[in-house]
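Q: Attaching a single structure in structure tokens format; questions to follow.
The values are calculated or read from the model by the stated rules, or taken from the named source; none is laboratory data. Remember, predicted model here, so these are calculated numbers, not experimental data. All Cβ positions, even for glycine, are placed from backbone atoms using ideal geometry, and neighbour counts span all protein chains on display.
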Amino acid sequence: MAASHSLFASSLKLTSNQLLHHYRCPLKRIVSISGGFSRSRIRVLPLYHKAHGLSTTSSAVATDSTDSTDSAVLADDKGLGEAPPEKIVLPTNESSERLLRIRHTCAHVMAMAVQKLFPDAKVTIGPWIENGFYYDFDMEPLTDKDLKRIKKEMDRIIGRNLPLIREEVSRDEAQRRIMAVNEPYKMEILDSIQEDPITIYHIGGEWWDLCAGPHVEYTGNINRKAVELESVAGAYWRGDEKKQMLQRIYGTAWENEEQLKAYLHFKEEAKRRDHRRLGQDLDLFSIQDEAGGGLVFWHPKGAIVRRIIEDSWKKIHIEHGYDLLYTPHVARADLWKTSGHLDFYRENMYSQITIEDELYQLRPMNCPYHILIYKRKLHSYRDFPIRVAELGTVYRYELSGSLHGLFRVRGFTQDDAHIFCLEDQIKDEIRGVLDLTEEILLQFGFSKYEVNLSTRPEKAVGADDIWEKATSALRDALDDKGWSYRIDEGGGAFYGPKIDLKIEDALGRKWQCSTIQANRLDLSFTKEVDFNLPQRFDITYVDSNSEKQRPIMIHRAVLGSLERFFGVLIEHYAGDFPLWLSPIQARVLPVTDTQLEYCNEVTNKLKANGIRAEVCHGERLPKLIRNSEKQRIPLMAVVGPKEVETQTVTVRSRFGGELGTMIVEDFISRTKSATENRTSF
């Protein structure tokens with residue numbers, strides 16, 4: 001029978017050196033490549049216990065891979081008002097080595113099962129990942145029926161309680177064994193391992209795999225009822241589209257059945273909240289095949305939410321002393337040569353455009369534009385700090401296979417800002433950015449953050465004292481803010497330290513949004529690392545001694561991109577936006593078309609008072625109400641003969657049920673108050 005060799009890795013894009021690193025560091029965390037976010041907590045909670053009211057306080061937590069965490073599963077909206085189900089805490093690979101071992105062994109057991117059923121299948125790599133494991137095979141495409149057969153064979157292997165035996169062999173012996181079973185991918189993996197001896201894990205005496213471990217002692221240590229095969233996907237070997245397309249089987253594994261059930265419930269809830277489906281169901285946005293993948297069309301309702309986000313963002317920035325900018329979508333290619341993008345970022349940029357014998361380039365970033373605006377005149381030290389911000393649309397080349405709804409697109413709008421300041425202003429400016437970030441995120445219902453301070457990487461530019469000053473300024477600002485955070489040693493950019501902030505949504509998933517970076521502009525760079533840094537633009541100011549100096553530049557983004565943030569919002573609220581953010585706040589419903597004229601009068605009054613309202617008619621009232629519920633309309637104003645006679649409306653709230661009859665002016669006043677204060681009706 002065929003044998004295989006699994007060298008776990010975080011993705012097929014790993015280089016030989018990275019494969020070796022993971023081979024020698026088996027306990028290093030491996031992140032799933034299938035999602036656009038990090039999920040570390042799953043909790044079972046009721047849906048929207050604060051559906052319309054938002055938290056006014058925030059909390060920041062440090063991530064510690066040794067701490068047990070949980071993830072949130074919210075009940076379906078049918079369960080509103082019910083008592084919250086029992087909280088189930090799910091372990092993670094970081095909090096439970098037993099779970100990690102189970103998942104890693106499951107990958108091996110699955111590979112063994114596949115080769116028992118499909119002897120011609122060639123094996124590649126099989127790591128544990130965030131919620132389970134996967135394994136890649138060079139074989140014919142698999143079906144759902146095949147997955148059931150594989151799972152049944154896995155159950156047999158688990159039930160036989162076979163031992164997992166570790167063996168160390170020489171490189172020559174490993175090569176001999178691999179050649180004997182004709183596993184070319186394993187030979188390539190072996191060639192990437194630079195150190196001896198080579199470790200092999202056996203399942204009983206029947207199957208073996210190149211692997212550094214760890215594993216459970218016996219296959220019987222796996223609860224077969226806590227394992228499930230989830231899906232099959234195509235994946236290129238080494239992540240290279242020019243190489244062989246493989247069959248990747250994803251599975252999930254847990255310590256017991258209760259954990260698996262909780263995870264599957266979480267998975268179903270995440271599916272229900274999928275922004276791609278809700279975007280279509282609620283008519284918020286689309287991606288049109290005729291126009292091309294990764295290009296977002298904002299529909300009227302989605303555009304309303306975007307305008308609210310933009311208006312709120314602009315208002316807060318102006319209050320915090322920023323000047324707003326608008327800059328071009330294209331520029332001469334020479335600008336991108338100066339910035340370094342053409343040297344170091346070309347693969348993410350679109351082809352150049354020829355205009356009157358000159359080459360132009362769609363912008364992949366906004367930074368060079370802001371630097372040009374700064375450079376338009378000579379600055380004095382008295383001018384600082386200078387704060388500029390822009391909602392700037394950028395364009396980045398993405399392979400079609402990597403596109404994912406609003407989370408991975410080819411054109412998107414970044415909320416970029418740059419602060420030019422003096423060295424002794426860094427701490428105060430960073431603290432100001434943290435305050436601004438908190439204010440914006442709290443408005444949209446995000447009050448829990450994961451904060452990381454990333455320090456100087458091994459390959460970096462600039463003197464040690466400059467790095468220390470910049471890092472200390474970031475650390476002092478975080479301490480002053482009172483947020484807890486984790487130090488990510490060596491995780492900074494090559495040109496400066498940074499603060500990364502992930503927001504936690506209603507399901508407990510973590511989304512990377514906010515980034516704050518401090519760059520020193522008087523560093524000396526080599527061509528190899530001189531990428532996208534304002535040093536290339538020779539930016540200066542005149543100090544108190546009338547000498548030219550280079551300022552500090554702080555780059556920051558709060559939302560990341562409007563498209564991605566909107567996708568996060570949709571999934572956070574499951575499309576049930578709070579009243580102030582909902583594209584349609586109120587729908588006026590006539591009992592019969594006889595009341596339609598009065599309904600139009602009410603709707604016009606609502607609109608005149610800045611309330612987003614519409615009339616819906618032509619169906620029986622129960623269906624009108626049901627359709628409004630499906631469209632997540634927060635308020636319904638029902639109008640019958642009595643309401644026309646008394647010049648009133650009967651108000652129904654999506655979350656509060658029947659709220660009684662009230663005069664139109666009271667309905668308007670309460671709706672406006674709830675919108676302005678961002679509270680429930």
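Q: Filter the stretch 549-587 down to the residues that are β-branched (Val, Ile, Thr) and more than 27 Å from residue 681 (Cβ to Cβ), then identify the one that is modelled with the highest pLDDT.
A: Taking the candidates together, the pick is 558.
Q: Looking only at the stretch 191-220, count how many residues are surrounded by fewer than 20 Cβ atoms within 10 Å (Cβ to Cβ), part of a helix (DSSP H, G or I) and touching a helix residue (DSSP H, G or I) at 6+ places or on another chain (Cβ under 7 Å).
A: 2
Q: Somewhere in the stretch 176-186, is a residue in a loop (DSSP other than H, G, I, E, B), out of contact with any Ser or Thr (no Cβ under 7 Å at 6 or more places or on another chain) and surrounded by 21 or more Cβ atoms within 10 Å (Cβ to Cβ)?
A: No, the stretch 176-186 contains no residue that is in a loop (DSSP other than H, G, I, E, B), out of contact with any Ser or Thr (no Cβ under 7 Å at 6 or more places or on another chain) and surrounded by 21 or more Cβ atoms within 10 Å (Cβ to Cβ).
Q: Right, next: Does the stretch 346-364 contain at least one residue that is farther than 24 Å from residue 432 by Cα, acidic (Asp, Glu), under 24 Å from the mean Cα position of the chain (by Cα) and modelled with pLDDT under 95?
A: yes
Q: Check whether at least one residue in the stretch 621-639 is farther than 11 Å from residue 585 by Cβ, over 41 Å from the mean Cα position of the chain (by Cα), surrounded by 13 or more Cβ atoms within 10 Å (Cβ to Cβ) and free of Cβ contacts under 8 Å to residues at least 60 places away in the same chain, and report yes or no.
A: yes
Q: Right, here's the next one. For the stretch 322-361, which residues satisfy the criterion of being among the charged types (D, E, K, R) and outside any helix (DSSP H, G or I)?
A: Of everything in the stretch 322-361, those that are among the charged types (D, E, K, R) and outside any helix (DSSP H, G or I) turn out to be 323, 332, 356, 357, 358.
Q: For residues in the stretch 285-315 being part of a loop (DSSP other than H, G, I, E, B) and out of contact with any strand residue (DSSP E or B) (no Cβ under 8 Å at 6 or more places or on another chain), which is nearest to residue 569 (Cα to Cα)?
A: My answer is 293.
Q: Let me ask something else. When only residues in the stretch 451-491 that are in a loop (DSSP other than H, G, I, E, B) and more than 24 Å from the chain's Cα centre (by Cα) count, which is nearest to residue 439 (Cα to Cα)?
A: The residue in question is 482.
Q: Which numbered condition in (1) out of contact with any helix residue (DSSP H, G or I) (no Cβ under 6 Å at 6 or more places or on another chain); (2) of a type in the set (Phe, Trp, Tyr); (3) in contact (Cβ under 8 Å) with a residue 40 or more places away in the chain is the only one that residue 118 fails?
A: All conditions are met except number (3).
Q: Here is a list: 268, 255. Which entry is closer than 30 Å to residue 152 by Cα, charged (D, E, K, R) and free of Cβ contacts under 8 Å to residues at least 12 places away in the same chain?
A: Result: 268 is the single residue among 268, 255 that is closer than 30 Å to residue 152 by Cα, charged (D, E, K, R) and free of Cβ contacts under 8 Å to residues at least 12 places away in the same chain.
Q: Among the numbered conditions (1) free of Cβ contacts under 8 Å to residues at least 60 places away in the same chain; (2) out of contact with any helix residue (DSSP H, G or I) (no Cβ under 8 Å at 6 or more places or on another chain), tell me where residue 235 comes up short.
A: Result: residue 235 passes all but (1).
Q: Assess whether residue 55 counts as being modelled with pLDDT of 50 or more, assigned to a loop (DSSP other than H, G, I, E, B) and polar (S, T, N, Q).
A: Judged against the criteria, residue 55 is not a match.
Q: For the stretch 129-138, state whether one or more residues are at pLDDT 95 or above, over 30 Å from residue 89 (Cα atoms) and surrounded by fewer than 22 Cβ atoms within 10 Å (Cβ to Cβ).
A: Yes, there is a match, as at least one residue in the stretch 129-138 is at pLDDT 95 or above, over 30 Å from residue 89 (Cα atoms) and surrounded by fewer than 22 Cβ atoms within 10 Å (Cβ to Cβ).
Q: Okay, next question. Can you give me the number of residues within the stretch 574-620 that are in contact (Cβ under 8 Å) with a residue 60 or more places away in the chain and either more than 18 Å from residue 671 (Cβ to Cβ) or among the hydrophobic types (A, V, I, L, M, F, W, C) (or both)?
A: Within the stretch 574-620, residues that are in contact (Cβ under 8 Å) with a residue 60 or more places away in the chain and either more than 18 Å from residue 671 (Cβ to Cβ) or among the hydrophobic types (A, V, I, L, M, F, W, C) (or both) number 12.
Q: So, one more: Check 74, 100 and return the single one that is touching a Leu at 6+ places or on another chain (Cβ under 9 Å), within 30 Å of residue 448 (Cβ to Cβ) and modelled with pLDDT of 95 or more.
A: 100
Q: Is at least one residue of the stretch 142-163 of a type in the set (Asp, Glu), over 36 Å from the mean Cα position of the chain (by Cα) and either loosely packed, with under 14 Cβ neighbours inside 10 Å or assigned to a helix (DSSP H, G or I) (or both)?
A: Scanning the stretch 142-163, I find no residue that is of a type in the set (Asp, Glu), over 36 Å from the mean Cα position of the chain (by Cα) and either loosely packed, with under 14 Cβ neighbours inside 10 Å or assigned to a helix (DSSP H, G or I) (or both), so the answer is no.
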